[in-house]
There are 2 protein chains.
Amino acid sequence: MAQLVKVQNFVVSSDGFGAGEDQSLDRPFGRADPGSMFAWAGATASWPNRTDPGGSRGLDDYFTRDFAHNVGAEIMGAHKFSPYRGPWENLDWQGWWGDEPPFHTPVFVLTHHERPSFTLSDTTFHFVNGDLADVLRLAKQAAQGRDVRIGGGATTIRSFLEADLIDTLHVAVSPVELGHGVSLWKTPDELLDRFHLDVVPSPSGVTHHLFWRK
Amino acid sequence: MAQLVKVQNFVVSSDGFGAGEDQSLDRPFGRADPGSMFAWAGATASWPNRTDPGGSRGLDDYFTRDFAHNVGAEIMGAHKFSPYRGPWENLDWQGWWGDEPPFHTPVFVLTHHERPSFTLSDTTFHFVNGDLADVLRLAKQAAQGRDVRIGGGATTIRSFLEADLIDTLHVAVSPVELGHGVSLWKTPDELLDRFHLDVVPSPSGVTHHLFWRK
């Protein structure tokens, strides 16, 4: 089985924004409401942050259930990891996810401001400054034959798409319109020269977009 | 996480038949053409019997990819295992699947004609004669906390539904009409008193039906 590079459960607004502008400590998604964008995922039985039993086991649950399946490493942009810009003033910040991050694999954070690796539960964060192909090589090695997730944000996914390094994408388009923010695309049609696309409307209101290479 | 009892990737005709009549050694699905009923699954990258690389990675692939996910045992009816009826004349028959069956777990075959267990690769077949709840108890124990798949055929699934022992079902309704055969349902609506239902048309032509308990 080939080792895939994939985007999974990435949510954008109906107009293609992965987050709003003005990210801050209180607003990891900037001027976008993550509650409305991620409601479809939070309602499923397999949502990693679910604390009570129950949850839906229909279409949307296949996507949250597949999140960890055969994934051996993640690459994320600096802004997915942290609201801070510029050199680290201290090393107190360890991500948004508390003591039990939902990744359970090595995670490579793309940054111009490197810092030592650290481990929380079974997730180890590495900080890397290099071109995308080199970082991907590191992540593939760390994944030990399993797939590599490109975790976002939108700018990071765009960079990997421009470098033609992505094999499959699952993007959930939410019915919320943002107007402006961090753009993944103007329209999903931008990818149709290189990818097949299944468009799958869900009863929850999001429309799953599934791309794989031609 | 609760241990689920689930039906996965079970294919029926548009009129609800899981197989045609007159099963025989040459026709495991009787007077139904498995080629047309399973074409959607065979086209996916994750189809277990795929020998060449490639295959689609859209909606249908989520279902074939999920087949083995967290499944620890299968229960199947005697007619899924074998075309023979009545007592075993000999023990030469070891299923339709060759030396490498696609189950990779213990499999419990419901039969009035018991025979010794045997193992092919990492699948062990057990032959059990008892009421469904007892067999399910055995299978759950063998699954060691993972889920139990009810593998079919249609008659076996109906029996487990009548005993109210199933938590989730994924049934792919193919556009092929059979007219008669082994029936799963007259209409999926029969299950709506007990189950939620997502109906998801696939670009491949099948319509995925996803049921989970209310």
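The values are calculated or read from the model by the stated rules, or taken from the named source; none is laboratory data. All figures in this text were calculated on a predicted structure; none of them were measured in a lab. Cβ: placed from backbone, ideal geometry, glycine included. Neighbour counts: every protein chain shown. In case anyone asks, the SASA skips ligands and DNA or RNA and just uses the protein heavy atoms, side chains included. Shrake-Rupley method; radii C 1.70, N 1.55, O 1.52, S 1.80 Å.
Measuring nothing but alpha carbons in the protein assembly as shown and taking Rh as the Kirkwood radius, the Rg to Rh ratio lands at 1.01. Distance from the axis that maps chain B onto chain A is least for the Cβ of the chain B residue given, with the whole Å value, as B:Y62, 2. In this view, the solvent-accessible surface of B:T155, computed with a 1.4 Å probe and all protein chains in place, comes to about 80 Å². B:W47 exposes around 70 Å² of accessible area when a 1.4 Å probe is run over every protein chain in place. Name the residue, out of B:K80, B:K186, B:K140, whose mean-square fluctuation peaks in a Gaussian network model built on chain B with Cα pairs under 10 Å. Per the Cα network of chain B with a 10 Å cutoff, B:K186 tops the list. With semi-axes defined as the square roots of five times the eigenvalues of the C-alpha gyration tensor, the equivalent ellipsoid of chain A measures 24, 20, 19 Å, largest first. Descending by average beta-carbon neighbour count within 10 Å, the peptides A:107-118, B:64-75 line up as B:64-75, A:107-118, the highest first.
Given R0 = 56 Å, the distance between the Cβ atoms of B:V128 and A:S159 translates into a calculated FRET efficiency of 0.50.
Counting protein heavy atoms only, chain A has 51 percent of its accessible area on carbon and sulfur, 1.4 angstrom probe. For B:K186, a cut-off of 13 angstrom between C-alpha atoms picks up these aspartates and glutamates, skipping any fewer than 8 places away in its own chain: B:D15, B:E177.
Relative to its Kirkwood radius, the Cα radius of gyration of segment B:57-108 gives an Rg/Rh of 1.07. Simple rule: put +1 on each Lys or Arg Cβ and -1 on each Asp or Glu Cβ in the protein assembly as shown, find the dipole, and look at B:G20, B:S121, A:V199; the Cα lying farthest toward the positive end is B:S121.
Of the residues making up segment A:60-108, those losing 50 Å² or more of accessible area when the isolated chain is joined by the remaining protein chains, with a 1.4 Å probe, are A:Y62, A:R65, A:H69. Look at the stretch A:203-212: the mean tally of other chain Cβ atoms within 10 Å of its residues' Cβ atoms is 3. In the structure shown, the pairs A:K6/A:K214; A:K214/B:K80; B:K6/B:K214 are assessed against 26 Å; a Cα-Cα span above that value is assigned to A:K214/B:K80. Across chain B, the mean sequence separation of Cα contacts (distance under 8 Å, 6 or more residues apart), normalised by length, yields a relative contact order of 31 percent. Charging the Cβ of each Asp and Glu at -1 and of each Lys and Arg at +1, and nothing else, the dipole of segment B:81-214 about its Cα centre rounds to 220 debye. Here the mean projected area of the convex hull built on the C-alpha positions of segment B:22-78 is 5.3 nm². Taking only Cα atoms and a 10 Å spring cutoff, compute GNM fluctuations for chain B and point out the largest among B:D33, B:D92, B:D189. Fluctuation is largest for B:D92. What aspartates and glutamates could a cross-link reach from A:K140, if we take a straight Cα to Cα line under 12 Å and drop same-chain neighbours fewer than 8 places away? Cα-Cα hits under 12 Å: A:E74. Beta bridges assigned by DSSP with both partners in the protein assembly as shown are antiparallel in approximately 50 percent of cases.
Within segment A:1-127, the ratio Rg/Rh, alpha carbon atoms throughout and Rh by Kirkwood, equals 0.96. Other protein chain C-beta atoms within 10 Å of residue C-beta, averaged over B:18-24: 0.
Shown is the FRET efficiency for A:T119 and B:S117, computed with R0 = 41 Å from the Cβ-Cβ distance and rounded to the nearest 0.05: 0.40.
Between the beta carbons of A:R31 and B:L91, assuming R0 = 56 Å, the FRET efficiency works out to 0.20 to the nearest 0.05.
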